[in-house]
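K.L.:
Questions regarding the structure given below will be posed in turn.
The values are calculated or read from the model by the stated rules, or taken from the named source; none is laboratory data. Since the model is a prediction, treat every value here as computed from it, not as a measurement. Quick reminder, even Gly has a Cβ in these numbers, built from the backbone with ideal geometry, and neighbours come from all protein chains shown.
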Amino acid sequence: MSGEVTINGINVALDAGRPTRRLLDILREDLQLTGAKHGCGVGRCGACTVLLDGAPVQSCLVFSAKLAGRNVTTIEGTPETSPTRSVLAAEGGFQCGYCAPGFVMSLEYWASQSPRPSPAEVERMLAGHLCRCTGYAGIRRALAALFGPSSKGLPGQ
Amino acid sequence: MTTRSLAELRRAFAERPDANWKLTGGKGFLTDLAPADALVGRVWRSSVAHGRIRSIDTRAAAAIPGVVRIVTAADVPGVNGFGHYAADQPVLCSDRVRMIGDPVAAVAAVNADIAAQAIAALKVDIDPMPLVINPETALGSDTIALHPQGNLCHEKRYERGDIETAFASCAFCVEDTYYTGRQLHIAMEVEGGYAVPEADGTFSVYAGSHFPHGDQAALAAIMAMEPSRIRVTASPMGGSFGGRDTLSVQPLLLLLSQLTGRPVKMQRSRAESIMCGDTRHPFRIRMRTGCDGAGRLIAHQVDMLADTGAYTTSGPEVLETSLENAQGPYDFAAVALSGRMVFTNNGNAGAFRGFGAVQAQFALERQIERLAALVDMPSARFRSNNLRPIAEGSLGQVTTGAQHPARVLDAIAAYPLHSRLPEVSETRYVRGVGLSLITKGEGFGKGGPNAGGLSMSLAPTGKIVVAIGVVEMGQGATAVGAEAAAKALGVAQTDITVQLGLSRDPSAGPSAASRVTGVVYRGIRTAAPLLSNDLLRLAARHLNRRADELELGRAGIWEKGAGRNQPLLSFSKLAGSLGEALPSHQVEIAAVETPSQIKSHSDFNAASAVASVLIDRCTGAIKVEHIAMVAACGPVISPIGFVGQVEGGAVMGLGMAVLEFLPQDQGKYFFRNLDGYMVPSLIDAPVVDLIAIEDIDASDDLGPRGIGEISLNVTVPAIANAVANALNAPVVRLPIRPADVLAALRPKGEA
């Protein structure tokens, strides 16, 4: 049975006739959930990141056939305010903002982990998110604020 | 002397006005906003780099249920072409394709799957023609011409003094040929948008670009339609970097929506964007530069050959800018500069942050570094000994005199990284440090679209609206407008709405050439006192007070010096009392142009940078560790925007210098997405530090200058010099690849 997927707490029927439809297209085209962005379509840029059963995935790489019975959270399904968003805003962690929802989703995930990873660990794990505007410095400042004592040697700290 | 460090600027960060919607995934990008019933557009693109179109058979595609309309060149009602300098890039190719990705037909269908099926069902027969892929031979008499005028897109020369006599008196001379790569913009949002036929017979086009008024004029010509029937919304967008300087999806969106009478949306795939979008112009630059025994520069000869690809796009202006920057801030007794921009079938190059200047600056700063080494002089001193008088432009034009290369150079020479490079403990690695010094013209050259307009009004909601036809691509124009307007009026940023990117607002010319910050600031500086006067006068009438007892403040009009905790009259109440008679002022923003009759820039700014790199001798990998720059770009209006542009420009410059590589052959790029074409990620990003020199000159009244390009331009030569110094190798080609590093490390004489 093709079944249903739960997206932001709402059950959505899956089209069994289109098993290779991408989760990203289901979100953006069918449900008008445009928080997940189309950046590359090959899983490299991270702009389409959502949580699948609580863990970050690139929604451009997830086929409809894999979704039955699973739980998807998009940025629209998360609280509008959070420390992640506050520090990204305060530290210049975005400019054009197109990559921001993807970064936010991954950061929310890592911020919820126990034990919390260090800024350096999160930095490595965020290498799957591309940002073309900030040069990542504002994102690094945000990581320092979110994940630990501000790391020495970073200018501006 | 007013300078601010990164830490000081950081403490002055104010949250950007667009933070909330961007960080919550709210709808705002034009690719997120199409009506749910919009048809989906898609384009058939050539996989042949040069060829004659023999036939287009649309029958099978048209028979697919759900295909609403198919268009070819015959359906374009007006001029089938666009481009700022020559309208030679077809909306749809009629008889000939000149690059892979050239559009031949487009469809509108009820959904994306059907649009894709229709594209697959189109039968286009193209007869391949000989390719022009080598810029060196593009101008040969036996090379096929890509355009009626041949393959020369643009040519420029400049000479001063007797170059051969000058070289004869040189004690040291460096001569080499430099090459720069085809960098891709890779804005994270891929080009897209939608068009809507309105009930009143007009059309609304929503797609990112640098210039809504320019789009409107170009679309009017393409559609043979009155410009007033076309309304363009060109921002916000998810980055551009020059990539949306020319039209992308707009012409076909408008054409398809007109012919179907329905809204149409379209967004390119990344592969499509890379295939058909613009790139940075690859340059081949020969330089011969000489100085006397004491290190005084004497002679400089430059020959440039650049590849603009299939269409003119920005080619002429890029070449002119490159030539204008080929002397940098240095003084030569004699120069001979020549440049040619040629057409090829190698994709298409266009505007790109750094715009011709960065290619020349890379080559020149390598020459300077190498000459300083020959003279055996610290390169900072060599540079400072050779600076041109600051009011003098490189082409003899009078400038604003705002560039201060000596100040930025002194500041960078004092930066710790420059004098104390940490030692490398393992023999596997070698470290190097490199310096760069550049000046960069702001705005367009003389005669360009430098002037503009801006309006400031009180809206019915009580918001003070700053409206100007520049765009928000992420660079922070909205924040500059909000911070400048709040400061000029004495109100809070939350009282301000900055409205950008609309063709119905005053035109301010293209959002390019680092000019937006200055244009917005100067417009607000003129309009704010006019609006302020009106607001105080109208409030005085409403409150039955004298205007000089009142002042503007957070959220409204306050009693001067009364120490109250709320305004006497809120802006929204004032607006409500005025009905439709709301105050509004539209002002002109004067062009900043040289008084000289020389087609050149007038306002130059200086930046200097130092970079350190760590090179792995085993793998050839280059890790850029640290970049520090000093920029003298005037008062910083929006610290969060300024710092962000420096940090982002530095990393994009890093990409151009050591990472972003797009090989091609027979007109075809080897990479089609971000899994092949590498842009910097978090683990590639260096530490970036900066010092902003804010007091350019006591007599300078132009205010803030843009930082968007100079930060990239100054980084590229600093990294190249750092790698060259680490390897003791010439480094003539960008990007510097691991194979180049390993070749440089090989003992001389080994193959």
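K.L.:
Within the group B:G239, B:G243, which residue is out of contact with any Ser or Thr (no Cβ under 9 Å at 6 or more places or on another chain) and not hydroxyl-bearing (S, T, Y)?
P.N.:
B:G239
K.L.:
Would you mind finding the one in A:R18, A:R28, A:R44 that is part of a helix (DSSP H, G or I) and either free of Cβ contacts under 8 Å to residues at least 12 places away in the same chain or within 11 Å of chain B (Cβ to nearest Cβ) (or both)? Walk me through it before giving the result.
P.N.:
Numbers: A:R18 fails: part of a helix (DSSP H, G or I); A:R44 fails: part of a helix (DSSP H, G or I).
None of the others qualify; the one that does is A:R28.
K.L.:
How about region B:404-479: which strands (runs of 3 or more DSSP E) wholly inside it have at least 1 residues that are at pLDDT below 95 and within 30 Å of A:G93 (Cβ to Cβ)?
P.N.:
Fully inside region B:404-479 and qualifying: B:429-442.
K.L.:
Acidic (D, E), outside the structural domain of B:G25 (by TED's automatic domain parsing) and within 25 Å of B:Q89 (Cβ to Cβ): is that true of B:E159 in this structure? Give the derivation first.
P.N.:
Working: acidic (D, E): yes; outside the structural domain of B:G25 (by TED's automatic domain parsing): yes; within 25 Å of B:Q89 (Cβ to Cβ): no.
Criteria not met by B:E159.
K.L.:
Is there a residue being among the β-branched types (V, I, T) and in contact with a Ser or Thr (Cβ under 9 Å, 6 or more places away or on another chain) anywhere in region B:31-42?
P.N.:
Yes, region B:31-42 has at least one match.
K.L.:
Sort out which residues of region B:699-721 are part of a loop (DSSP other than H, G, I, E, B) and in contact with a Ser or Thr (Cβ under 9 Å, 6 or more places away or on another chain), and write them in order of number.
P.N.:
Across region B:699-721, the qualifying residues are B:D700, B:L702, B:G703, B:P704, B:R705, B:G706, B:I707, B:G708, B:E709.
K.L.:
It is to be established whether one or more residues within region B:271-278 are of a type in the set (D, E, K, R) and crowded, with 24+ Cβ neighbours inside 10 Å.
P.N.:
There is at least one residue in region B:271-278 that is of a type in the set (D, E, K, R) and crowded, with 24+ Cβ neighbours inside 10 Å.
K.L.:
Also: Checking B:D307 against (1) in contact with a Leu (Cβ under 9 Å, 6 or more places away or on another chain); (2) part of a strand (DSSP E or B); (3) of a type outside the set (A, V, I, L, M, F, W, C); (4) crowded, with 24+ Cβ neighbours inside 10 Å: exactly one of these is not met. Which one?
P.N.:
(1)
K.L.:
Could you tell me whether region B:305-314 includes any residue that is in contact (Cβ under 8 Å) with a residue 40 or more places away in the chain and within 14 Å of chain A (Cβ to nearest Cβ)?
P.N.:
no
K.L.:
Taking helices (runs of 4 or more DSSP H) that fall entirely within region A:51-155, which contain at least 3 residues that are of a type outside the set (F, W, Y) and buried (at least 24 other Cβ atoms within 10 Å of the Cβ)?
P.N.:
A:83-91, A:100-111, A:137-147
K.L.:
Within region B:24-46, restricting attention to residues that are touching a Gly at 6+ places or on another chain (Cβ under 7 Å) and either hydrophobic (A, V, I, L, M, F, W, C) or within 11 Å of chain A (Cβ to nearest Cβ) (or both), which residue is nearest to B:K265 (Cα to Cα)? First the steps, then the outcome.
P.N.:
Applying the first criterion (touching a Gly at 6+ places or on another chain (Cβ under 7 Å)) to region B:24-46 yields B:25, B:29-31, B:45-46.
Checking the rest, the ones that are also either hydrophobic (A, V, I, L, M, F, W, C) or within 11 Å of chain A (Cβ to nearest Cβ) (or both) come to B:25, B:29-31.
Numbers: B:G25: 20, B:F29: 13, B:L30: 10, B:T31: 8 Å.
Only one residue fits best here, namely B:T31.
K.L.:
Based on what the data block shows, is B:R52 within 10 Å of B:V107 (Cβ to Cβ), in contact (Cβ under 8 Å) with a residue 24 or more places away in the chain and of a type in the set (K, R)?
P.N.:
In short, no.
K.L.:
How many of the residues in region B:612-636 are part of a loop (DSSP other than H, G, I, E, B) and within 22 Å of B:V433 (Cα to Cα)?
P.N.:
From region B:612-636, those part of a loop (DSSP other than H, G, I, E, B) are B:617-621, B:633-636; that's our starting set.
Now narrow it down to the ones that are within 22 Å of B:V433 (Cα to Cα): B:617-621.
So the count comes out to 5.
K.L.:
Looking at B:V679, is it surrounded by fewer than 24 Cβ atoms within 10 Å (Cβ to Cβ) and within 14 Å of chain A (Cβ to nearest Cβ)? Before the answer, list the steps.
P.N.:
On the way: surrounded by fewer than 24 Cβ atoms within 10 Å (Cβ to Cβ): yes; within 14 Å of chain A (Cβ to nearest Cβ): yes.
The answer is yes for B:V679.
K.L.:
Additional query: I need the full set of residues from region A:87-118 which are over 12 Å from the mean Cα position of the chain (by Cα), under 18 Å from A:L146 (Cβ atoms), within 9 Å of chain B (Cβ to nearest Cβ) and among the small types (G, A, S), in order please.
P.N.:
Listed by number, the residues that qualify are A:A89, A:A90, A:G92, A:G93.
K.L.:
Can you tell me which residues in region B:372-396 are among the aliphatic types (A, V, I, L, M), in a helix (DSSP H, G or I) and over 31 Å from the mean Cα position of the chain (by Cα)? Steps first, answer last, please.
P.N.:
Keep residues of region B:372-396 that are among the aliphatic types (A, V, I, L, M), which gives B:372-375, B:377, B:380, B:387, B:390-391, B:395.
Then drop every residue that is not in a helix (DSSP H, G or I), which leaves B:372-375, B:380.
If the condition is that a residue be among the aliphatic types (A, V, I, L, M), in a helix (DSSP H, G or I) and over 31 Å from the mean Cα position of the chain (by Cα), then B:A372, B:A373, B:L374, B:V375 are the ones that fit.
K.L.:
Now, a different point. Is region B:637-650 home to any residue that is out of contact with any Cys (no Cβ under 6 Å at 6 or more places or on another chain), outside any loop (DSSP other than H, G, I, E, B), closer than 30 Å to B:V424 by Cβ and among the acidic types (D, E)?
P.N.:
Yes; the residues of region B:637-650 include at least one that is out of contact with any Cys (no Cβ under 6 Å at 6 or more places or on another chain), outside any loop (DSSP other than H, G, I, E, B), closer than 30 Å to B:V424 by Cβ and among the acidic types (D, E).
K.L.:
Still on this model: List, please: which pairs have Cβ atoms under 7 Å, are six or more places apart or on different chains, and start with a residue in region B:205-234 that is free of Cβ contacts under 8 Å to residues at least 40 places away in the same chain and end with one that is aromatic (F, W, Y)?
P.N.:
So the pair list comes out as B:R229/B:F203.
K.L.:
Please specify each residue of region A:53-86 satisfying the condition of being over 26 Å from A:N11 (Cα atoms) and more than 8 Å from every other protein chain (Cβ to nearest Cβ).
P.N.:
Within region A:53-86, A:P83, A:T84, A:S86 qualify.
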